[in-house]
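All of the numbers you see were taken from the coordinates with simple rules; none came from a lab. Here the structure is a predicted model, which is why all the values come from computation and not from measurement. Cβ: placed from backbone, ideal geometry, glycine included. Neighbour counts: every protein chain shown.
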Amino acid sequence: MAMYGLKIFTGNSNPELARKICENLDIPLGRALVSTFSDGEIRVEIQENVRGADVFVVQSGAHPVNDHLVELLVMIDALKRASARRITAVMPYYSYARQDRKNKPRVPITARLVADLISRAGADRILTMDLHAGQIQGFFDIPVDNLYASPVLLPYIREHFDHDLVIVSPDAGGVPRARAYASRLNAGLALIDKRRADVNKAEAMNIIGDVAGKTAIILDDMVDTAGTLKEAAKTLIERGARSVHACVTHAVLSGPAIERIEESPIETLVVTDTLPLTPKAALCPKIKVVSASRLFSEAIRSIHNEDSISSLFEIQH
């Protein structure tokens, strides 16, 4: 069976990750002009032939989120109209995912809205990592591959932290993920009973589980303003934890996040490169970055070759 060409394009959200993916696959990054007109509208021009190609567009929901989302949609439309055979939207961080249900009157479900936008723009498939809620996959009528960061984060934890560990979930929703990590690491498991007072404001109230004298690792899918992390770390130290670290997939790090991390008892915040660090975050000595590029590269290779990618799922949660 003849194989169509593999091409990878990127917008302005995370070009460094796209370049790493291309290096791993030993292919050049596709040529595309992605800029703005003088009035701020997104301008896209695909500068090479993509007719019949298997195209992957790497675009994360980095700040400014709305601009990068529209960049993705316009790039997909341009590729579709250029007769690409298949278009896969590679969204290492899926934006607008936190509003995934109606938890109060008169609020939107933006995770579904974005899914509809991407599908209607012309994407044939979605590749992402650690969705805020796994059921978001059901918002799409096209295939969704939701990778886990565990093949990247687990080796780092094994290499850099001692064996007397307790994996801490910052909320009830993260318990399955934390339990899976704890099982692989032969570590304890704890849960923070959290009360959220308002959007981006959380207060850690209680610890369920034994953390005294142990190295506590808070595990979460994303860190935004770091309010939850700061309060969780403080509570863990008060309950006798020897040290506190955090492993998070998506480093949103908006608002006062860096100041809170620097002020908190957290010794290390390990994040992946699904989102680029801001200049301020890059200067924070507590933040360590591990790359998810090889995981995305293998997923893209397998999708392009029509192979199974189940081997990439080291942890099921």
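General remarks:
- Proximal aspartates and glutamates relative to K7, as straight alpha-carbon distance under 12 Å, when same-chain residues fewer than 8 apart are discounted: D26, E48, D54
- Its relative contact order, with pairs defined as Cα atoms under 8 Å and 6+ residues apart, puts the chain at 14 percent.
- Pairs of alpha carbons in region 150-290 separated by more than 25 Å make up 18% of all such pairs.
- Computed E for T36/K286 - FRET, C-beta separation, R0 45 angstrom, nearest 0.05: 0.80
- Average projection area in nm² (convex hull over Cα atoms of region 206-251, one quarter of hull surface): 3.0 nm²
- For region 6-147, fraction of C-alpha pairs farther apart than 28 Å, in %: 15 percent
- Cβ crowding within 10 Å averaged over residues, with 283-291, 248-256 ranked highest first: 248-256, 283-291
- When every Cα-Cα distance of region 211-317 is counted in 5 angstrom steps from zero, the calculated P(r) takes the values 2, 12, 20, 20, 14, 12, 9, 6, 3, 1, 0 percent.
- Per residue, the convex hull around the alpha carbon atoms of the chain comes to 139 Å³.
- Among the DSSP helices (H) of the chain, those spanning at least 18 angstrom by Cα along their long axis with an average Kyte-Doolittle hydropathy of 0.5 or more are 65-81; this is a geometric and hydropathy rule only.
- Diffusion of region 138-188 by Stokes-Einstein, at 37 °C in a medium of 0.692 mPa s and with Rh set to the Kirkwood radius over alpha-carbon pairs, works out to 261 µm²/s.
- Simple point charges give the picture: +1 on the Cβ of Lys and Arg, -1 on the Cβ of Asp and Glu, and for the chain a dipole about the Cα centre of about 460 debye.
- Part-to-part distance (alpha-carbon centres) for region 105-151 and region 239-279, which is given in Å: 25 Å
- Cross-link pairs K214/K288; K20/K102; K102/K280; K234/K280; K80/K288; K104/K234 - those with Cα-Cα distance over 28 Å: K20/K102; K102/K280; K80/K288; K104/K234
- Maximal additional length on extending the D116-D141 stretch stands at 8.1 nm, based on 0.36 nm per residue less the C-alpha distance.
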